[in-house]
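Structure first, then comments.
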Amino acid sequence: MRFLGPRSISSLLKTALDVVYYGLFAMIVAVGIAALCLLSVPTLAAEVMARMKMVAQINGTQQAILMLAFGVSLSGYLLIMRWTRQVFRTLAEGDVFHPDNTLRLRWIGFGLAGVELYSYASRALAEAILKMPVEPVYGMRAVTAWFSVLVVFVLAEVFKEGARLRAEANLTI
């Protein structure tokens, strides 16, 4: 089995990323609709809380804010997925060191860092404003997230060097 080019593992992964991308898009639409429903039907929030057997008392507006915050987080992942799909599209075409992949990988790194920082900020706001107890993020989850960001930035530099070497090789006779 080949790793690059048409009908390879990278093209299979690109197809899987397409499915995840459109699934995320559908989830964002569903979360937006749910937030609108929570805002428009006043008794819906109490009904949802009762059915989920939740002890915390938050009203419909607060639930809608939480849903919208979750939607923003999903939108960050959607952007990351978009850039990742573009990288894998070039891999599936067999063009590994495409010059645009360096920029795409940097954007993926910034996106991952942004989503992680947004996670910290939204947890702090939920705790401060909504008085919701939030489990702190530390340990392996935090280390893994920031390690992933650094790995993506290193990969961006590797792709930059590969693109430079490819351009240099194209100039040689």
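The values are calculated or read from the model by the stated rules, or taken from the named source; none is laboratory data. All values derive from a computational prediction rather than experimental measurement. Counting neighbours? That spans all protein chains shown, and the Cβs are built from the backbone with ideal geometry, glycine included. Accessible surface areas use protein heavy atoms only, side chains included; no ligands, DNA or RNA. Shrake-Rupley method; radii C 1.70, N 1.55, O 1.52, S 1.80 Å.
Before moving on, here are some points about what is shown:
- Diffusion coefficient, µm² s⁻¹, Stokes-Einstein with Kirkwood Rh over alpha-carbon pairs of region 80-173 at 10 °C and 1.306 mPa s: 104 µm²/s
- For the chain, calculated [θ]222 nm from helices alone, where every DSSP H run of n ≥ 4 adds -39500 (n - 2.57): -28000 deg cm²/dmol
- Candidates T84, T15, T102: whichever shows maximal mean-square fluctuation once the chain is modelled as a Gaussian network with Cα springs under 10 Å: T15
- Each pair of Cα atoms in region 7-171 enters the Kirkwood radius, and Stokes-Einstein at 25 °C and 0.890 mPa s then converts it into a translational diffusion coefficient of 133 µm²/s.
- With at most 16 neighbouring Cβ atoms within 10 Å, loop trypsin sites (Lys or Arg not before Pro) (DSSP) excluded, longest segment of the chain: 54-130
- Under the criterion of Cα pairs below 8 Å and six or more residues apart, the relative contact order for the chain equals 25 percent.
- Spin-label model, L12 to A145: label points 7 Å out along the Cα-to-beta-carbon direction sit 3.2 nm apart.
- Rolling a 1.4 angstrom probe over region 7-171 with all protein chains present gives an accessible area of which 72% lies on carbon and sulfur atoms.
- Among L44, L66, L155, residue whose mean-square fluctuation peaks in a GNM of the chain (springs only between Cα atoms under 10 Å): L44
- Distance between modelled label sites at V134 and L165, nm, 7 Å Cα→Cβ extension: 4.4 nm
- If R0 is 45 Å, the Cβ-Cβ spacing of S122 and D100 corresponds to a FRET efficiency of close to 0.90.
- Relative to the longest principal axis of the Cα atoms of the chain, helix 60-92 runs at roughly 10 degrees.
- Split the chain at each of the chymotrypsin sites (Phe, Trp or Tyr not before Pro) in a DSSP loop with at most 12 other beta carbon atoms within 10 Å, and the longest piece is 4-137.
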